[in-house]
Amino acid sequence: MHHMTLAEIARGLADKKFSSVELTQTLLARIAQLDPQINSFISLTQDLALGQAKAADERRANGESGALLGAPIAHKDLFCTQGIRTSCGSKMLDNFKAPYDATVVAKLAAAGAVTLGKTNMDEFAMGSANESSWYGAVKNPWNLEHVPGGSSGGSAAAVAARLLPAATATDTGGSIRQPAAFTNLTGLKPTYGRVSRWGMIAYASSLDQGGPLARTAEDCAILLQGMAGFDPNDSTSIDEPVPDYSAGLSGSLQGLRIGVPKEYFSAGLDPRIAELIHNSIKELEKLGAVIKEISLPNMQHAIPAYYVIAPAEASSNLSRFDGVRFGYRCENPANLEDLYKRSRGEGFGSEVQRRIMVGAYALSAGYYDAYYLKAQKIRRLVKNDFMTAFNEVDIILGPTTPNPAWKLGAKSSDPVAAYLEDVYTITANLAGLPGLSMPAGFVDGLPVGVQLLAPYFQEGRLLNVAHKYQLNTDWHTRTPTGF
């Protein structure tokens, strides 16, 4: 059962081939057996899962149906879950049990999804390797000596290792798409505002977006259907109708205009990945797509702009963790200042501290205009580049990452080197666009992803292209040895 996709699970439950309780018990046993190798979970919610599975079976027995009814999933550990630890991968929140469910958690629970647990992540979603978690690094199931990508590496590793069929994740600068590429999954970052951020603990509020991680585009369509929609609790949520993503998977690609930015194929891209991307382009051409070279001239400025904006917003968002109201508090503080300093110094890891300091500096008097304001202007230029490009093409295609997954610890002493791995993904977050990564092959036994970008609220177009591609390729069906 662990090799079944969400779509196959939905059909199996509908045909009464197995129950949700049986499936949940099987996957919980598999997690207990295999997760110690990869460290993909922070918390398991066995009692909750079995209770939800039993309730889902009863709902089906009473005539209810639905693609997510009885389907096991997990949540990245920054989605608040009532009465369950929500840690953000940090010592700061190790003792925090959320008093409410995030909108995403509540919507998926209402649809009947079964929560197996909370997945490991880079601390407060700050990282590209899932090595900054207070609970230890996550390992890539394709090679346990390599990173799974970050910050949603726990969700990605768990799905790739067939511990569960799908999981929620978040993407601030590529944190869904990059782990998807590194672990041979399909990952979708929706349009900013498409999925509610209420109850999703913030890193950078204007960039964060929740989305699905699964093995196929079909499964991402199912999970996104349950996650998307307007939420009055979230001031950044957009009241836009949610289409039937599964129904849109079968559309023809005949005449689809695909733009390939010339800037993507620079000296920084591994030539073996470039070859796989060109192979993907040929496959889509066979399906009727038309390829056109385009330009995104301001892409070169995206990384410096992002690494001013994101830390600036992080320094503001993380100011609430002060040792007073909730979360970690140092022992025996001498006074209030000592309480603040030691609680934050002991509760936050080095990467989080680094970004808070960078952000606070960029927002400080005398530097705001020189750094933060200039970065916002660059952000607008990046968005304008995409708007110009989408006047000529329907989607944009390129590599998800410049390199395959690196070895654990290889970039730990050089954070800038890790930041540069986000060069292809960051632009979608700066512009608020939807982006998808899908499996495209292997380099030295490690998975490689191809990235698709689309205009606002065209997630269905991305899923349609990825689904058609996956009907004609088998990269997404490959399983890591031992799992």
Whole-Å distance linking the alpha carbon centroid of region 53-118 with that of region 134-173 is 18
Would you mind pulling out the separation of the Cα centroids of region 349-416 and region 240-268, in Å? 23
Per DSSP loop assignment and a cutoff of at most 16 other beta carbons within 10 Å, the chain keeps its longest run without exposed GluC sites (Glu not before Pro) at 146-330
Projected onto their principal axes, the Cα atoms of region 93-237 stretch, largest extent first, over whole-Å spans of 44, 34, 26
Amide hydrogen neighbours beyond the local backbone of residue 41, cut-off 5 Å, H modeled: 120
Mind checking the dipole of region 391-444: about its Cα centre, +1 per Lys or Arg Cβ, -1 per Asp or Glu Cβ, Debye to the nearest 20? 200
If the chain between residue 350 and residue 278 were fully stretched, how many nm would it gain, using 0.36 nm times the residue separation less the Cα-Cα distance? 22.0 nm
Suppose a student asked you for the relative contact order of region 44-114, using Cα pairs under 8 Å spaced at least 6 residues apart; what percent would you report? 35
Restricting to Cα pairs below 8 Å that are 6+ residues apart, what does the relative contact order work out to for region 91-163? Please round to a whole percent. 25
Among 187, 124, 108, whose Cα sits farthest toward the positive end of the charge dipole of region 94-189 (+1 at Cβ of Lys/Arg, -1 at Cβ of Asp/Glu, about the Cα centre)? 108
Report the net charge of residues surrounding residue 443, where surrounding means a beta-carbon distance below 11 angstrom and charges are Lys +1, Arg +1, Asp -1, Glu -1. -2
Taking the radius of gyration and the Kirkwood hydrodynamic radius from Cα positions alone, what is the Rg/Rh ratio for region 49-171, to two decimal places? 1.01
So what's region 91-153 giving for Cα Rg divided by 2.2 N^0.38 Å, two decimals? 1.31
Summing Lys, Arg as +1 and Asp, Glu as -1, what charge do residues with Cβ under 14 Å from the Cβ of residue 377 carry, residue 377 excluded? +2
At q = 0.08 Å⁻¹, what base-10 log of I(q)/I(0) does the Debye formula yield for the chain when every alpha carbon is treated as an equal point scatterer in vacuo? -0.43
With every protein chain kept in the model, how would you rank 2, 146 by accessible area, 1.4 Å probe, largest at the top? 2, 146
Test of understanding: express the Cα radius of gyration of region 150-219 as a ratio to 2.2 N^0.38 Å, with N the residue count. 1.02
Probe of 1.4 angstrom, ligands and nucleic acids ignored: what's the accessible area per residue over the chain, in square angstrom? 36
Counting pairwise Cα distances across region 335-419, what percent come out greater than 21 angstrom? 62
With 5 Å bins from 0: P(r) over region 341-483, alpha-carbon pairs, percent: 2, 8, 12, 14, 16, 15, 13, 10, 6, 3, 1, 0
Between residue 29 and residue 380, with labels modelled 7 Å along Cα→Cβ, what's the label distance in nm to one decimal, could you check? 6.1
Total charge dipole magnitude, the chain, about the Cα centre, Cβ charges on Lys, Arg, Asp, Glu only, Debye to nearest 20: 60
Between region 178-238 and region 298-316, how many Å separate their Cα centres? 20
Rounded to the nearest 0.05, what FRET efficiency is calculated for residue 364 and residue 238 with R0 set to 22 Å and r the Cβ-Cβ distance? 0.10
About the Cα centre of region 29-185, how large is the charge dipole given +1 on each Lys and Arg Cβ and -1 on each Asp and Glu Cβ? Please answer in debye to the nearest 20. 200
Heavy-atom accessible surface of the chain: percent carbon and sulfur, 1.4 Å: 52
Sparsely packed trypsin sites (Lys or Arg not before Pro) within region 24-106, loop by DSSP, other Cβ within 10 Å at most 13: none
State, as an integer percentage, the relative contact order of region 197-333 based on alpha-carbon contacts under 8 Å between residues 6 or more apart. 27
Just for the chain, what percent of DSSP beta bridges are antiparallel, to the closest 5? 70
Using helices alone, what [θ] at 222 nm do you get for the chain, with -39,500 (n - 2.57) per DSSP H run of 4 or more residues, divided over all residues and rounded to the nearest 500? -11000 deg cm²/dmol
Ordered by packing density, taken as the mean number of other Cβ atoms within 10 Å over each peptide's residues, highest first, how do 243-254, 41-52 rank? 41-52, 243-254
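The values are calculated or read from the model by the stated rules, or taken from the named source; none is laboratory data. Being a predicted model, the structure only gives us computed values, none of them experimental. When we count neighbours, we look across all protein chains shown, and the Cβ atoms used for this are built from the backbone with ideal geometry, even at glycine. Surface accessibility is based on the protein's heavy atoms, side chains included, excluding ligands, DNA and RNA. Shrake-Rupley method; radii C 1.70, N 1.55, O 1.52, S 1.80 Å.
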